[in-house]
Amino acid sequence: MEDQIVYASGKIVVPGFIDVHVHLREPGYEEKETIKTGAKAAVKGGFTTIASMPNTKPVIDQAELITYVLTKSEQAGFAKVLPIGAITKKQEGQELADLFGMKEKGAVGFSDDGRGVKSSGLMKQAMEIAKTLGVPILAHCEDIDLTNGGVIHDGRKANELGVPGIPAEAEYIQLARDLILAEITGVHYHVCHVSSKRSVELIREAKARGVNVTVEVTPHHLVLTEDDLKEPYSQFKMNPPLRTEEDRQALIKGLKDGTIDMIATDHAPHTEQEKGKGLLEAPFGIVGLEIAFPLLFTNLVKHHLISLEQLIDSLTIKPASLLGLTLGKIEKGSIADITVIDLEKIQSVDPTQFVSKGKNTPFFGWKLQGWPVMTIVNGKIVWEEKEE
Ligand SMILES: NC(=O)N[C@@H](CC(=O)O)C(=O)O
Ligand SMILES: [Zn+2]
Ligand SMILES: [Zn+2]
């Protein structure tokens, strides 16, 4: 193949970002997102590889469905998509899914994301199998009996609005159980979207004991708290909920000291009609792929909370190592998955310009700096921002 010269003066050139937690919605919820629109949103945001969560319709709980996701994403030709299989059949928490079969077809891990795994017995068995298969369990930690119908963090805002709250212990009680099971089984246990201070402390202790645990945090939990909620409230509704400033500070500290390994968007598109139902009825989740980098660069790096280098590591080499990928770095001879960023570019968040079908974001109108302008996957330019 002929060499291609790309001029990127005044820009930074980094390894393509890797997001270990994305919802693509296909099969079954194509009105929210398709594999193609989600993978295109990814490259627009500078992500060259994304791992897709299995909470589709049907749930990705069998080998053929892993193949379906891989085939569809190859046809789409944007970001590489690595499917995560369900832990339990239909994510119903009753019976283990076909973990062996899914791994054989290319599942990179297992998760019942969207809900917690209630049965300690099933979780332990799943961990034992994942350990043998050499893939991680990605855990959405939530004790549904403690969530108890809550819609936002059980704190000041929930009181003020008179809506049911989700307490932090709904997350960290299940997390504490899982850390013990992970220690017993030796599995690689990955914590999805950590949101509370107590969770960070439990993980810090577990890491110090040598438990094989990694952790992701979302951009929104690093930037927002319950105090930021305003109309329309449903745009601030996600699981786990935005918590307190004390929690947010603990997440930033955790990221800084390495307790938290990586940043994942938990890109969760929903239709405007669904999000228009109001705080109590709307589904949980917000989109994240297209604004993650500028959001974090503007609100963390520019405020000297973390360094640019640490931000890039948390979006490249760290997620690559979770999934056992040789990606996430630029080296002679390595696959050219590359993102070019204009650190000077300032632009406001305009969901009407998203290529994702999901326009659900609490960051509408935020003025952000540091936008990806070109994304290269396998040596091919798959996204290029047009010069104005
Ligand atoms: N994060 C969310 O609020 N929603 C996710 C599920 C999940 O990640 O738990 C979704 O699938 O919409
Ligand atoms: Zn989740
Ligand atoms: Zn999720």
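The values are calculated or read from the model by the stated rules, or taken from the named source; none is laboratory data. Bear in mind that the values here come from a model prediction, so they are computed numbers and not experimental data. Quick reminder, even Gly has a Cβ in these numbers, built from the backbone with ideal geometry, and neighbours come from all protein chains shown. Side chains are part of the model used for accessible areas, which takes the heavy atoms of the whole protein and leaves out ligands, DNA and RNA. Shrake-Rupley method; radii C 1.70, N 1.55, O 1.52, S 1.80 Å.
Miscellaneous remarks
- The residue of the stretch 247-277 that is surrounded by the fewest Cβ atoms within 10 Å (Cβ to Cβ), among those that are in contact (Cβ under 8 Å) with a residue 60 or more places away in the chain and more than 16 Å from ligand 1 (Cβ to nearest atom), is Gly254.
- Check on Thr49, in a strand (DSSP E or B) and farther than 24 Å from Gln174 by Cβ: yes
- Verdict on Ile341 being closer than 20 Å to Ile317 by Cβ, in contact (Cβ under 8 Å) with a residue 12 or more places away in the chain and open to solvent by 40 Å² or more (accessible area, probe 1.4 Å): no
- Some residue of the stretch 93-100 being part of a helix (DSSP H, G or I) and either open to solvent by 40 Å² or more (accessible area, probe 1.4 Å) or within 30 Å of Glu246 (Cα to Cα) (or both): yes
Okay, residues lined up against (1) over 15 Å from the mean Cα position of the chain (by Cα); (2) away from ligand 2 (no atom under 16 Å from the Cβ):
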| position | (1), (2) |
| --- | --- |
| His21 | no, no |
| Asn55 | no, no |
| Gln62 | yes, yes |
| Glu74 | yes, yes |
| Phe78 | yes, yes |
| Gly93 | yes, no |
| Gly109 | no, no |
| Gly114 | no, no |
| Lys118 | yes, no |
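- Test for Thr352: is it in contact with a Phe, Trp or Tyr (Cβ under 7 Å, 6 or more places away or on another chain), over 26 Å from Asp227 (Cβ atoms) and at pLDDT 95 or above: no
- First in the stretch 89-111 and within 12 Å of Val59 (Cα to Cα), second anywhere and among the hydroxyl-bearing types (Ser, Thr, Tyr) and open to solvent by less than 10 Å² (accessible area, probe 1.4 Å), Cβ under 7 Å, 6 or more apart: Ala97/Thr88
- Residue list for the stretch 347-382, restricted to those being open to solvent by 30 Å² or more (accessible area, probe 1.4 Å) and touching a helix residue (DSSP H, G or I) at 6+ places or on another chain (Cβ under 9 Å): Gln347, Val355, Lys357, Lys359, Phe364, Trp366, Lys367
- Among the residues of the stretch 125-151, those identified as outside any loop (DSSP other than H, G, I, E, B), open to solvent by 10 Å² or more (accessible area, probe 1.4 Å) and more than 16 Å from ligand 3 (Cβ to nearest atom) are Gln125, Glu128, Ile129, Lys131, Thr132, Leu133, Asp145, Leu146.
- Residues located in the stretch 17-45, provided they are more than 17 Å from Lys357 (Cβ to Cβ) and either touching a Gly at 6+ places or on another chain (Cβ under 7 Å) or without any contact (Cβ under 8 Å) to a residue 12 or more places away in the chain (or both): Phe17, Ile18
- Every residue from the stretch 320-338 that is open to solvent by less than 40 Å² (accessible area, probe 1.4 Å), out of contact with any Leu (no Cβ under 7 Å at 6 or more places or on another chain), farther than 23 Å from Cys192 by Cβ and in contact (Cβ under 8 Å) with a residue 60 or more places away in the chain: Ile338
- Pairs are defined by a Cβ separation below 6 Å, a sequence spacing of at least 6 or placement on different chains, a first member in the stretch 58-82 that is over 23 Å from Ala126 (Cα atoms), and a second member that is open to solvent by 60 Å² or more (accessible area, probe 1.4 Å) and in a helix (DSSP H, G or I); the pairs so defined are Ala76/Lys36; Phe78/Lys40.
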